[in-house]
Amino acid sequence: MVIIFVTYLFVVLFGYYLKLLNLNHLKRYGASIPSEFEGYIDEELLKKVSEYTLEHSRLNFIKSTFNNLILLVFLFGGFLNIYNSWISSLNWPFVLSGIAFFLFLSYGGTILSIPFNLYSTFKIENRYGFNTITPRLWITDFLKSLLLSIALMGIVASVGFFLIQSSPNYWWLWVWGFFLIFGLFIMYISPYVIEPLFNKFTPIKEKELEDKIKELMQKVNIRVSRVFKMDASKRSRHTNAYFTGIGKVKRIILYDTLLEKMEHDEILAVLAHEAGHWKKKHVLKQFIILEVISLVGINISFRILQTDFLTDLFQIKPVTLFAKIVILSFIGGIISFPLIPLSSYISRRFEREADHFACELTGNTESMAGALIKLSRDNLSNLYPHPLYAAFYYSHPPVVERIKTLCALPSKPRG
């Protein structure tokens, strides 16, 4: 148990080291304007970027330290044993006990995160002009999210523990299959059932833009059912756009903030980038990789959970599957930490391919570069991440690097 404790501390401290490295790098270079951004930002805005990044980093450090201390006290201070004993003393059926065990833990995590979320939204985001959400809407969103998570977790836990109880020797396979099907189901219904609970989606009124989008997507055999505007501005001034839908038929969602700040060619470039992810099968590849890893992981977990090694190691009595899962998840997080840079590398590679595809499709590298500049400027993105930090955590190449690569590509439209 001492080895696990020390290893976890090493992982946490290494993560803090990378974040400190990143902040020092920003302080050293963050005052100079990259040549790609000349004319789009000034020194005052760069200062604002540094302050915004620093404030969020401080909050995340405090939040991370707090969460890590709570986790360590819970696991190594005997509170898991107390909690596990309490759930067991209720003498509820196995499935109901499992639901209660993890729902109550989820409640605890949600409640502890409230002060940090409030400070981030109503202090930091407000101070830098991003926040537009009202306290009433925040509370409404919170309650909706809580009820939704209870419902989804209740379904997942009840079916999962039912399968474990019904098939003691092969539950790992059935649980993996259920998670797979349930995940696909949620992906399918989310645009029609879940997302409208929080935002309003209306067809865009600019017929010219809609026709251009559909024409662009037809070039790569993507059928667009509708192009919608999302009322993102009632919560934040951050900008974004995305696709929804399974298969060749897509719904395109544009933030109203994006429509306000970008030219048509820049919006088309952003959507061409998203089309690149679909045509290059990045979503499918990531999904397959994730499911293969999940299958292997759940099989290994099954074999470990068949023993009492974990509960004996942490001196948990009575022995329950629920306590074993908590401990195994904790150790799994430590073991998977070195895989983060590999996952980030694959994601960055996909992003570069999607950028290249977008420029090839539109034949307009300037619009793609312009869109990235506006997204970075309007969202106060850090233009100077430390290379090691970016290699470890960045799912996208640093924006200055992306723009340099784009500017080196030929402007030749597809078809």
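A short reminder: the numbers here are calculations on the coordinates, not readings from a lab. Note that this is a predicted model, so its numbers are computed, not measured. FYI the Cβ positions are ideal-geometry reconstructions off the backbone, even for glycines, and counts take in every protein chain you see.
According to the square roots a ≥ b ≥ c of the eigenvalues of the Cα gyration tensor, what is the shape class of region 199-261, taking rounded for a/c under 1.5, prolate for a/b larger than b/c otherwise, and oblate for the remainder? Prolate. Using only the alpha-carbon atoms, how far is helix 2-29 inclined from the longest principal axis of the chain? Give it as 0 to 90 degrees, nearest 10. That helix lies at roughly 20 degrees to the long axis. By other beta-carbon atoms within 10 Å, ranking M262, M187, M1 with the fewest at the front produces M1, M187, M262. Here the dipole of the chain is about 420 debye; that uses its Cα centre as origin and unit charges on the Cβ of Lys and Arg (positive) and Asp and Glu (negative). Of T311, F350, H277, which is farthest along the charge dipole of region 258-415 in the positive direction, counting Lys and Arg as +1 and Asp and Glu as -1 at C-beta? So the residue we want is T311. Between the helical axis of 94-119 and the dominant principal axis of the chain, each derived from Cα atoms, what acute angle in degrees is found, rounded to the nearest 10? Computed tilt is about 40 degrees. Oblate is the label for region 128-267, because the ratio a/c of its alpha-carbon gyration tensor axes (a ≥ b ≥ c) is 1.5 or higher and a/b is not greater than b/c.
Computed from Cα atoms, the angle from the helix 340-362 axis to the main principal axis of the chain rounds to 30 degrees.
Rounded, prolate or oblate for region 1-76? Axes are the square roots of the Cα gyration tensor eigenvalues, ordered a ≥ b ≥ c, and the cut-off for rounded is a/c under 1.5. Prolate shape, in that a/c is at least 1.5 and a/b is the bigger ratio. For the residue pairs K234/K280; K214/K261; K123/K374; K27/K200; K47/K207, alpha carbon separations beyond 31 Å are given by K234/K280; K27/K200; K47/K207.
Calculated mean residue ellipticity, 222 nm, the chain: -23000 deg cm²/dmol, from DSSP H runs (n ≥ 4) at -39500 (n - 2.57) each, averaged per residue and rounded to 500.
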